[in-house]
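Input: a single structure, listed below in C-alpha cells.
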Amino acid sequence: MSKKPIIVFEGIEGSGKSFHINNVEKFLKKKKYPYIKFREPGGSKNSESIRKLILNKKSNFTKNTDLLLYLASRSENISLIEKNYNKKIILIDRFIDSTIAYQHYGMGVDLNLINFINKFLLKNIKIGFTFLNIVNPKNMKLRLKKRNKLNRYDQFNSHFYRKVQNAFIKISKKNPKKYQIINSNLDINNNKEIIITKLLKIIK
C-alpha cells in the first residue's frame with residue numbers, strides 16, 4: 001500500500017465519522033504529514049455548490065437525479081485527487097461506498113450504473129483504507145437532535161438508516177483487510193486511539 005493513501009471515513013448520520021476524520025486531520029497536522037481533506041458531496045468550489053443543492057431540505061429530486069448530482073460532485077473533485085494522489089495522504093469524508101450504500105441499497109438505483117460511472121471517473125485511483133463507523137438507532141437519534149441544523153439526508157426513517165448501515169457492513173466484508181469497523185456506541189477516546197494506531201500502521 002502507498003505510504004500516502006486515500007483514507008475514507010464512512011458511516012450513516014450520527015456515526016461519528018466526521019468527528020474522527022477531523023481528529024485524524026489534527027494528528028497529521030501536528031505531526032507534519034502532508035495531507036489534504038475534503039468531504040463528499042463537497043470539496044472543490046463547484047462540488048460545494050452541488051452539495052448545497054443536494055442537501056437542501058426544499059430539494060425534491062428523483063433517486064436518479066440524486067445519484068447524478070452526487071457523481072457530478074465527485075467528478076469536480078477528480079482533478080484534486082489526481083493532483084495529490086500518492087503525493088499526500090488524502091482524507092475523504094464519504095466516498096464510493098456511500099454512493100452504493102445510500103443510492104443502491106437505500107434507494108434502489110441500479111448498481112451497474114453506479115459502478116460504471118465510478119469506474120469512468122476514477123480510472124486507476126484506488127482507496128487505500130476505510131474506517132467504517134457504525135451506530136445504534138438510539139445514539140443516532142440523540143446525536144441528530146443535538147445538531148443545530150438538519151439537512152435532507154438527516155431526516156430519513158430508522159428503517160432506511162438501518163438498511164444503509166447494513167449495506168456498509170456488507171460492502172466491508174467483501175474486502176475486510178481494507179476496512180476497520182469503529183463502533184461509535186463505545187468510548188470515544190478509545191475509538192480515537194484505535195483509529196490513530198491503525199492510521200500509523202497504514203502510513204508508516
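Could you identify the single residue in F9, F19, F27 that is within 17 Å of the chain's Cα centre (by Cα), in contact (Cβ under 8 Å) with a residue 60 or more places away in the chain and farther than 23 Å from I114 by Cβ?
F19
Which of (1) touching a residue at least 40 places away in the same chain (Cβ under 8 Å); (2) under 18 Å from E10 (Cα atoms) does V109 not meet, given it meets every other one?
The number of the failed condition is (2).
Restricting to the range 27-36, what's the tally of residues that are among the hydrophobic types (A, V, I, L, M, F, W, C) and not in a helix (DSSP H, G or I)?
Qualifying residue count for the region: 1.
Going by the structure shown, is H20 touching a helix residue (DSSP H, G or I) at 6+ places or on another chain (Cβ under 7 Å), assigned to a helix (DSSP H, G or I), under 22 Å from K204 (Cα atoms) and modelled with pLDDT of 95 or more?
It is true that H20 is touching a helix residue (DSSP H, G or I) at 6+ places or on another chain (Cβ under 7 Å), assigned to a helix (DSSP H, G or I), under 22 Å from K204 (Cα atoms) and modelled with pLDDT of 95 or more.
Considering only residues of the range 171-197 that are of a type in the set (D, E, K, R) and in contact (Cβ under 8 Å) with a residue 24 or more places away in the chain, which is nearest to R94 (Cα to Cα)?
Within the range 171-197, the match that is nearest to R94 (Cα to Cα) is K178.
Have a look at K26, K57 and point out the one that is of a type in the set (D, E, K, R) and at pLDDT 95 or above.
Every option except K26 fails the conditions.
Assuming K146 fulfils every condition listed in (1) in contact with a helix residue (DSSP H, G or I) (Cβ under 8 Å, 6 or more places away or on another chain); (2) free of Cβ contacts under 8 Å to residues at least 24 places away in the same chain; (3) not acidic (D, E) apart from one, which condition is it?
If we test K146 against (1) in contact with a helix residue (DSSP H, G or I) (Cβ under 8 Å, 6 or more places away or on another chain); (2) free of Cβ contacts under 8 Å to residues at least 24 places away in the same chain; (3) not acidic (D, E), just (1) comes out false.
Would you say F120 is within 24 Å of Q165 (Cα to Cα) and among the aromatic types (F, W, Y)?
Here the answer is no, as F120 does not meet what is asked.
Would you mind listing the helices (runs of 4 or more DSSP H) fully within the range 37-144 where at least 3 residues are acidic (D, E)?
63-84
The values are calculated or read from the model by the stated rules, or taken from the named source; none is laboratory data. Since this is a predicted model, take the numbers as computed values, not measurements. We place every Cβ from the backbone using ideal geometry, glycine too, and count neighbours over all the protein chains shown.
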